[in-house]
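S.K.: Shown below is the structure under consideration.
What follows is calculated from the coordinates using simple rules that are stated; it is not laboratory data. Nothing here was measured: the structure is a model prediction, and the numbers come from that model. With ideal geometry, Cβ positions are generated from the backbone for all residues, glycine too; neighbour counts draw on all protein chains shown.
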Amino acid sequence: MTAKTYDVMLSDLPLCAAIELRGARATIEQAAAAAALALPAVPNTMAERDGRRVLWLGPDHWLVLAPLADEVDLFARLDGAIGRVGSAVNLSDSFASFRLTGAEFADVLAQGTALDLDPKVFVVGTATRTALGRISALLMHYADGVDIVVDRAYAGYLRGWIDTAMGGVN
């Protein structure tokens, strides 16, 4: 019996600014306004404006992803607006990001996550944390696939896991 090969493509994404925000929604709204960011209206979704994404990951937990060139100014604006009633932490060097595209991307991911990937549940705009191939991953669903963000230490492992799940050879 031969293993199925999936029609998907995995590509590396460039390093980006990644700033974790913690605080009450009102505090985050003030910080977002100071940095001209759009905030998602619903938990576990994302909002995007001018190449900057804000992911709402928990009751008081947001992650801002932006071009690396924006990192210093963006962090200064967010940190200054949050002040002492919340926190802004620069995590830019902590993550590696990948994009998995193709009609069968959900079939590949389903081999390593308990997340419901049915398109009626995992809709475009979803941004959520999950276990993927036994490691913690952040998934962001777009019309043509998904971006996957993991701790940089696990990037090689994840690439190998996805290659195997795609039907490739390690």
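S.K.: Hey, fewest Cβ within 10 Å first, where do Leu115, Leu55, Leu91 land in order?
M.R.: In increasing order of surrounding Cβ atoms, one gets Leu91, Leu115, Leu55.
S.K.: Tell me, what ³J(HN,Hα) does each residue in segment 96-111 have, in order and in whole Hz, if you take phi through Karplus 6.51 cos²θ - 1.76 cosθ + 1.60 with θ = phi - 60° and put x for Gly and Pro?
M.R.: Each residue's phi maps through the Karplus curve to give 10, 10, 10, 10, 10, 10, x, 4, 9, 4, 5, 5, 5, 4, 4, 6 Hz.
S.K.: Using the beta-carbon distance between Ala153 and Asp73 and R0 = 45 Å, what value does 1/(1 + (r/R0)^6) give for FRET efficiency, to the nearest 0.05?
M.R.: 0.95
S.K.: Would you calculate, for the chain, the mean residue ellipticity at 222 nm contributed by helices, counting each DSSP H stretch of 4 or more residues as -39,500 (n - 2.57) and dividing by all residues, to the nearest 500?
M.R.: -6500 deg cm²/dmol
S.K.: Which entry in [x] 60, 31, 26; [y] 48, 39, 33; [z] 41, 38, 31 matches Cα extents along the principal axes in Å derived from the coordinates of this structure?
M.R.: [x]
S.K.: Right, next: Under the rule of at least 5 residues apart or a separate chain, name every residue whose amide H is placed under 5 Å from the amide H of Thr45.
M.R.: Placed amide hydrogens put Trp56, Ala127 under 5 Å from Thr45.
S.K.: Now for a separate question. Return the sequence-ordered ³J(HN,Hα) values of segment 22-30 in whole Hz as given by the Karplus equation 6.51 cos²θ - 1.76 cosθ + 1.60 applied to θ = phi - 60°, using x for Gly and Pro.
M.R.: Listing the rounded values in order: 10, x, 5, 3, 4, 5, 5, 4, 5 Hz.
S.K.: Something else: Suppose a student asked you for the relative contact order of segment 16-93, using Cα pairs under 8 Å spaced at least 6 residues apart; what percent would you report?
M.R.: It comes to 44 percent, rounded to a whole number.
S.K.: A further question on this structure: Take every Cα-Cα pair in segment 82-170 and report what % of them are more than 14 Å apart.
M.R.: I get 66 percent for the Cα pairs in segment 82-170 exceeding 14 Å.
S.K.: Where does each of Thr5, Thr45, Thr130 land when they are ranked from fewest to most other beta-carbon atoms within 10 angstrom?
M.R.: Sorted ascending by nearby Cβ count, the order is Thr5, Thr130, Thr45.
S.K.: Still on this structure, please answer the following. Tell me the label-point distance for the pair Asp116, His61, using the 7 Å Cα-to-Cβ offset, in nm and rounded to one decimal.
M.R.: Calculated label separation equals 2.1 nm.
S.K.: Could you work out the pair-distance distribution P(r) of segment 16-93 from its alpha-carbon pairs, with 10 angstrom bin width and percents rounded to whole numbers?
M.R.: 22, 62, 16
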